[in-house]
Amino acid sequence: MQRANLSAVSEFVFVGLSDAPEIRLLLFVLFLLLYLATMAGNITLLIAISTDSHLHSPMYFFLGNLSLLDLLCPTITVPKMLGVLLLEHKEISFSACLFQHFSLIAVVGTEIFLLAVMAYDRYMAVCHPLRYPSVMSTKLCAQLAVGTWATGLLNSLLHTSLVFTLSFCGPNKIQQYYCDIPPVLALSCSSTHSTELVILVVAGVLGSGACVVTVVSYIYILLEILTRNSPGIWHKAFSTCGSHLTVVCLFYGTTICTYVRPSSTYSPQSDRVVSMLYGMLTPLLNPIIYSLRNKEVKCALKRVIGQV
């Protein structure tokens, strides 16, 4: 019976951002430029981290992973959105929607855990500078990175299996420009209460765990700064942690607005705006934030651009 229900809807249709051809063309150009700028910024940062010996440290290793995630996130959703705007090809097959959903949730989950790992890395750098090189070894950094990716993939596998084993036998218009949890759940013709509950519990436990690690790390950093109370300590701590803290606030703000809420509060219009903030602006701003606030990254980027 479940297989019959799954085959009842063979494809989904995205609701376009606008029906006016002039507006669609303007949005296409705007989003294409944002996408290209995001790709250029994160690829340049990845090249700088991999080629500059001054950036071969745990902090920049994790930053490289963050840039890779920021490359994947818009690549999962934006090309299809551009196709909808330019060619009005709004259809997506059931299997393609499933794959897009799985990929996006995997990237989002991995980034949540990666930001927590980066917060722990900053805690060790500020609070235990003498032990930092031995504790944050190459082996541990690799294990932490693999752990974040594996946890993100397993979390996405659970979410995707819960959503796409529901029955879809009615309307197939997705009120979004990609296959996300709330708009897909809204199309199911079976009860979604238990699915929503499991998703909220799992997301709440994993997300809260990562958030607690991040918050506790920064509490210890703040206490360490207050304890030392030495000249220039605030400036040094801010230069060390400011970029990561800014990225964390930007990421959690948009992610919580997008995912951590019941479907009864789902609003297609407002959610499309919030999704664009998370899916496009955050990956674009992350390399800019790290470039503006970090002298080593600035110098590395100048060398890369000069070579190019």
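The values are calculated or read from the model by the stated rules, or taken from the named source; none is laboratory data. Everything numeric here is computed off the predicted structure, so don't read it as measured data. Please note: Cβ atoms are built from the backbone with ideal geometry, for glycine as well, and neighbour counts cover all protein chains shown. Surface areas here come from the heavy atoms of the whole protein model, side chains and all, with no ligands, DNA or RNA. Shrake-Rupley method; radii C 1.70, N 1.55, O 1.52, S 1.80 Å.
Consider segment 41-63 and keep the residues that are surrounded by fewer than 20 Cβ atoms within 10 Å (Cβ to Cβ) and among the small types (Gly, Ala, Ser). The one that is nearest to residue 105 (Cα to Cα) is 50. Annotation note: of 78, 84, the sole residue that is open to solvent by less than 10 Å² (accessible area, probe 1.4 Å), among the aliphatic types (A, V, I, L, M) and in contact with a Gly (Cβ under 8 Å, 6 or more places away or on another chain) is 78.
Answer yes or no as to whether residue 44 is part of a helix (DSSP H, G or I), over 28 Å from residue 139 (Cα atoms) and in contact with a helix residue (DSSP H, G or I) (Cβ under 8 Å, 6 or more places away or on another chain). Write out each step before concluding.
Working: part of a helix (DSSP H, G or I): yes; over 28 Å from residue 139 (Cα atoms): no; in contact with a helix residue (DSSP H, G or I) (Cβ under 8 Å, 6 or more places away or on another chain): yes.
No; evaluated as a whole, the condition is false for this residue.
One residue stands out in segment 171-188 among those that are surrounded by fewer than 17 Cβ atoms within 10 Å (Cβ to Cβ) and in contact (Cβ under 8 Å) with a residue 60 or more places away in the chain: the one that is farthest from the chain's Cα centre (by Cα), namely 173.
Given the options 167, 134, name the one that is in a helix (DSSP H, G or I) and among the small types (Gly, Ala, Ser).
Working: 167 fails: in a helix (DSSP H, G or I).
From the options 167, 134, the qualifying one is 134.
Comparison of 115, 72 shows that the only residue that is modelled with pLDDT of 90 or more and open to solvent by less than 10 Å² (accessible area, probe 1.4 Å) is 115. A search for C-beta distances below 7 Å between a residue of segment 20-45 that is under 13 Å from residue 87 (Cα atoms) and any residue that is open to solvent by 80 Å² or more (accessible area, probe 1.4 Å) and in a helix (DSSP H, G or I), counting only pairs 6+ apart in sequence or on different chains, returns 28/86.
Residue 165 falls short on exactly one of the conditions (1) touching a strand residue (DSSP E or B) at 6+ places or on another chain (Cβ under 8 Å); (2) among the β-branched types (Val, Ile, Thr); (3) surrounded by fewer than 19 Cβ atoms within 10 Å (Cβ to Cβ), and that condition is (1).
Scanning segment 189-207 for residues that are in a helix (DSSP H, G or I), open to solvent by less than 50 Å² (accessible area, probe 1.4 Å) and touching a residue at least 60 places away in the same chain (Cβ under 8 Å) yields 196, 207. The number of residues in segment 87-131 that are part of a loop (DSSP other than H, G, I, E, B) and of a type outside the set (A, V, I, L, M) comes to 6. In segment 146-162, of all residues being hydrophobic (A, V, I, L, M, F, W, C) and buried (at least 18 other Cβ atoms within 10 Å of the Cβ), the one that is farthest from residue 112 (Cα to Cα) corresponds to 162.
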